[in-house]
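What follows is one structure encoded as structure tokens, with my remarks underneath.
The numbers here are math on the coordinates, done by the rules we state, and not lab data. What you see is a predicted model, and the numbers here were worked out from it, not measured in a lab. All Cβ positions, even for glycine, are placed from backbone atoms using ideal geometry, and neighbour counts span all protein chains on display.
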Amino acid sequence: MPKISNRSYNALLERLNEYVQKHDGRNSPVRLLVLNVACTLNQPFTADKLVDACAEHRISKGTVYNTLNLFVDAHILHVSESRLGRSHAEYELMVGSSLRMHTICYKCGRITALHNAALTDMIKNRQYTNFIPQHISLFIYGECKTCKTKPTSL
Ligand SMILES: [Zn+2]
């Protein structure tokens, strides 16, 4: 069963249905299964994590990757790209009042979770006119300490 609240899960289903209606018009049971599996994972997760979890349900790697792309298009998942390639990219469900903050190194692609209570409160308590935030992600791009101290190869 999904780890997220029913309300959040229903919001994701609604987004998926809207997307499917606009595009190919059919919702396969496999997509729902992949979504359910994604909901059971700790967020964020890599594509490989989802592939492994889906293997128990006999869902192929190709299907998982295709579904991941569809979920990103449908704003069900947020993906933080990594320079190290697709296998290092991190996905997370765009649900609830979750707030994710990460630093990402341009050079090595390392993604690190950032915890700052003051910043979290400030962003979460922000009031919007004519807008209801459902998911907030903050990415701070830069250069990590390891890369900074590494001599540049020419
Ligand atoms: Zn780095």
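Please list, or write none, the lysines whose alpha carbon is within less than 19 Å of the alpha carbon of Lys61, excluding same-chain residues fewer than 8 places away.
Of all the lysines, those that pass the test against Lys61 - Cα under 19 Å, at least 8 places apart if same chain - are Lys49.
Quick query: amide H of Gly109 versus all other amide H atoms, modeled in the peptide plane; which residues come in under 5 Å with a sequence gap of 5 or more or a different chain?
Hits under the 5 Å cutoff: Arg83.
Nearest 10 degrees, 0 to 90: what angle lies between the long axis of helix 61-73 and the longest principal axis of the chain (Cα atoms)?
Helix 61-73 sits at roughly 80 degrees to that axis.
So what J values fall out for the range 113-124 if you push phi through Karplus, 6.51 cos²θ - 1.76 cosθ + 1.60 with θ = phi - 60°, rounded to Hz, Gly and Pro as x?
Computed from phi, the couplings for the range 113-124 are 5, 10, 10, 8, 4, 5, 5, 4, 4, 4, 6, 5 Hz.
Give me the percent relative contact order of the range 6-144, please, defined on Cα pairs under 8 angstrom at least 6 residues apart. Intermediate results must be reported in sequence, preceding the final value.
Values: 170 pairs, mean separation 29.8, N = 139.
Over the range 6-144, the number comes to 21 percent.
Amide H neighbours of Met101 under 5 Å, counting only residues 5+ apart in sequence or on other chains, H built in-plane at 1.01 Å?
Leu114, Leu138
Longest exposed-loop-site-free stretch of the chain, with chymotrypsin sites (Phe, Trp or Tyr not before Pro), DSSP loop and at most 13 other Cβ within 10 Å? Please report the intermediate quantities before stating the final value.
On the way: sites that count: Tyr106, Tyr128, Phe131.
Longest site-free region, per DSSP loop and neighbour criteria: 1-105.
Nothing charged except the Cβ atoms of Lys and Arg (+1) and of Asp and Glu (-1): what's the magnitude of the dipole of the range 6-144 about its Cα centre? Round to the nearest 20 debye.
Working: 15 positive and 12 negative charges, 9 e Å.
So the magnitude is around 40 debye.
Sum up the charges of everything whose Cβ sits under 13 Å from the Cβ of Leu41, counting Lys and Arg as +1 and Asp and Glu as -1, but leave Leu41 out.
Numbers: positive: Lys3, Lys49; negative: Asp48, Asp52, Glu56, Glu90, Glu92.
My count for the surroundings of Leu41 gives -3.
Which shape class, rounded, prolate or oblate, goes with the range 6-144 when its Cα gyration tensor gives a ≥ b ≥ c as root eigenvalues, a/c under 1.5 marks rounded, and past that a/b bigger than b/c marks prolate?
Values: a/c = 2.07, a/b = 1.23, b/c = 1.68.
Cα axes put the range 6-144 in the oblate bin.
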